[in-house]
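**Q** Right, I'll just put the structure down here and ask away after.
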Amino acid sequence: MSVYERTLERFARTPLGYWYVTRLAPRIDPPLLRLSGGRFSSVYPVPVMLLTTIGAKTGLRRTLPLLYVVDGNSLILIASNYGRPGNPSWYRNLKADSRVEVLAGRLSGPYMAQEITDPAERADAWEKALDVYAGYGDYEVRAGRRTIPLVRLHRA
């Protein structure tokens, strides 16, 4: 990690950084990602995508910025919900309809989502997620008894 990346990660783990990543970045990143073709976000070089799901209840397209991990030919999503007690809505949407669209530079396109349930595969994916953002460990503590789901995206 570069000095900039380490500083960015330390900042994100502070109360002000938490406010930024939960309140401000989700408003700034969608237009930035659209303008850059999914290559740049407000936390560059941390990998952030625009994930589009189909709403489980409404059937409407829902798009949000989300950190991801590249793992070979697939992408890993972390349903941390910033350590809140419940799973994020995008995760519930994926459980109802596993087809998604990703805007993430050269990785953009249609994908199919599948939850990682194998313990060894999940442990490996979790370590990779912590390598991208160590703050997921903080979220795991905040989540209490909730096991943070990990989702693998495969190109459709």
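Rule-based calculations on the coordinates, nothing more; no lab input. This one's a predicted model, so the numbers in the text were calculated from it and none came from an experiment. For neighbour counting, all protein chains shown are included, and Cβ atoms are generated from backbone atoms with ideal geometry for every residue, glycine included.
**Q** Is the shape of the stretch 1-86 best called rounded, prolate or oblate, per the rule: a/c under 1.5 gives rounded, else a/b larger than b/c gives prolate, else oblate, with a ≥ b ≥ c the square roots of the Cα gyration tensor eigenvalues?
**A** Prolate is the answer for the stretch 1-86, as a/c is 1.5 or above and a/b outweighs b/c.
**Q** Please go through the stretch 40-109 and write out the trypsin sites (Lys or Arg not before Pro) that DSSP classes as loop and that have at most 10 other C-beta atoms within 10 Å.
**A** Here the sparse-neighbourhood loop sites are K57.
**Q** Right, here's the next one. What is the sum of charges around W90, taking Lys and Arg as +1, Asp and Glu as -1, for the other residues whose C-beta is under 15 Å from the C-beta of W90?
**A** +4
**Q** How many angstrom separate the Cα center of the stretch 72-105 from the Cα center of the stretch 38-66?
**A** Cα centroid of the stretch 72-105 versus Cα centroid of the stretch 38-66: 9 Å apart.
**Q** I want to check the label-to-label distance for F11 and Y82. Put each point 7 Å from Cα in the C-beta direction and report it in nm to one decimal.
**A** 1.7 nm
**Q** How big is the stretch 44-156 by Rg and Dmax over its Cα atoms, in Å?
**A** My reading of the Cα-based Rg and Dmax gives 13.2, 37 Å.
**Q** Next question. Can you find, among H154, L60, A79, the residue farthest towards the positive end of the dipole of the chain? Put +1 on the C-beta of Lys and Arg, -1 on that of Asp and Glu.
**A** L60
**Q** Once you list every other residue whose beta carbon is under 13 Å from the beta carbon of V141, what net charge do they have if Lys and Arg are +1 and Asp and Glu are -1?
**A** Within the 13 Å Cβ shell, the charges total +3.
**Q** Also: If you add up the charges near M49, with Lys and Arg at +1 and Asp and Glu at -1, over every other residue whose beta carbon is less than 11 angstrom from its beta carbon, what do you get?
**A** That works out to -1.
**Q** Calculate the spin-label point distance for L60 paired with A96, positioning each point 7 Å from the Cα along the beta-carbon direction, and give it in nanometres.
**A** It is 1.2 nm.
**Q** What value, in deg cm²/dmol to 500, does the helix sum -39500 (n - 2.57) over DSSP H runs of n ≥ 4 give at 222 nm once divided by the residues of the chain?
**A** Taking each H run of at least 4 residues, the total per residue is -10500 deg cm²/dmol.
**Q** Further question: What full-extension length gain, to one decimal in nm, is calculated for R39 and V141 as 0.36 nm per residue of separation minus the Cα-Cα distance?
**A** Stretched out fully, the R39 to V141 stretch lengthens by 33.6 nm.
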